[in-house]
1. Please report 73, 130, 229 as a ranked list, fewest other C-beta atoms within 10 angstrom at the top and most at the bottom.
2. If you average the sequence gap of Cα pairs under 8 Å that are 6 or more apart and divide by the length of the chain, what percent do you get for the contact order?
3. Please compute P(r) over all alpha-carbon pairs of the stretch 85-235, binned at 5 Å starting from zero, and give each bin as a whole-number percent.
4. State, to one decimal in nm, how far the label point of residue 44 lies from the label point of residue 9, with both points 7 Å from Cα in the Cβ direction.
5. Taking volume of the Cα convex hull per residue in Å³ straight from the coordinates, which label in (1) 150; (2) 123; (3) 135 is the correct one?
6. Applying a 10 Å radius around every beta-carbon, put 36-43, 179-186 in order of their mean neighbour count, most first.
7. Could you calculate the FRET efficiency of residue 229 with residue 152 from 1/(1 + (r/R0)^6), where r is the beta carbon distance between them and R0 is 22 Å, rounded to 0.05?
8. Among 141-150, 219-228, what's the highest-first ranking by average C-beta atoms within 10 angstrom per residue?
């Protein structure tokens, strides 16, 4: 607030903690909601602050609170050069999973799919403190009882490049209303298709036969594995570049900034004219 004169607009990514202050700002602002807005507390909050301008990261994210002041849906994007598609990279016969070890991410489904399909599964995931018991009681025994499962742990961008680019497919069997699912476009940037559950934002990111398949059961996931091999991985990369690159995301945000600034300047000029007339 002490430096407010430096800025044309403020863009918040802080959840909702700034909402009371944002109402008092003398310049335009916008907030991107990055998580689900499914709980009653979210609904009450957005009703309490109905004029806060919001950006959704998927159309699905809006559904629990459609009456909120959503300005636009802007899907996440990645820098074009963060991950590479190399047509010379050989596709190995393994499936990949990247994410948190937690019930809503569906790691148990991923292990079951790979086991029943007779394919190795490489798991790159972190285990938060709150999920330690879930991992020890449910997931660790599944991994230990299957020699085809390899737990890698957390990996960086280079590790993702190597894991995803060589995988037959990424498994994304989420069991919750996923707001976006960044790892899906990370896989697509490498030219790797995704087998994903029909939850939340998935139909906005995955198109059957183009960059993966959307399924609703373990049996269906296994059945599309053969189809996955027929998808053109170069087309997967091209689809990523046209829909989910950072340049496109930046252009969409800039259009929102300009619109809000123009509206703010218009209102300010009207107020000045009225005050002058008075």
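Since every read-out is calculated from the coordinates, none of them should be taken as a lab result. Computed from a predicted structure; not experimentally measured. Ideal geometry is used to build each Cβ from the backbone, glycine not excepted, and the neighbour counts take in all protein chains shown.
1. 130, 229, 73
2. Values: 467 pairs, mean separation 51.6, N = 278.
Reported as a whole number, the value is 19 percent.
3. Whole-percent P(r) values from 0 Å outward: 2, 10, 21, 25, 22, 14, 5, 1, 0.
4. With each label placed 7 Å out from Cα toward Cβ, I get 3.2 nm.
5. Derived directly from the coordinates: (1).
6. Packing order, densest peptide first, comes out as 179-186, 36-43.
7. Given R0 = 22 Å and the Cβ-Cβ separation, E is 0.40.
8. Details: 141-150: 13.4, 219-228: 15.9.
Those peptides, ordered most packed to least, come out 219-228, 141-150.
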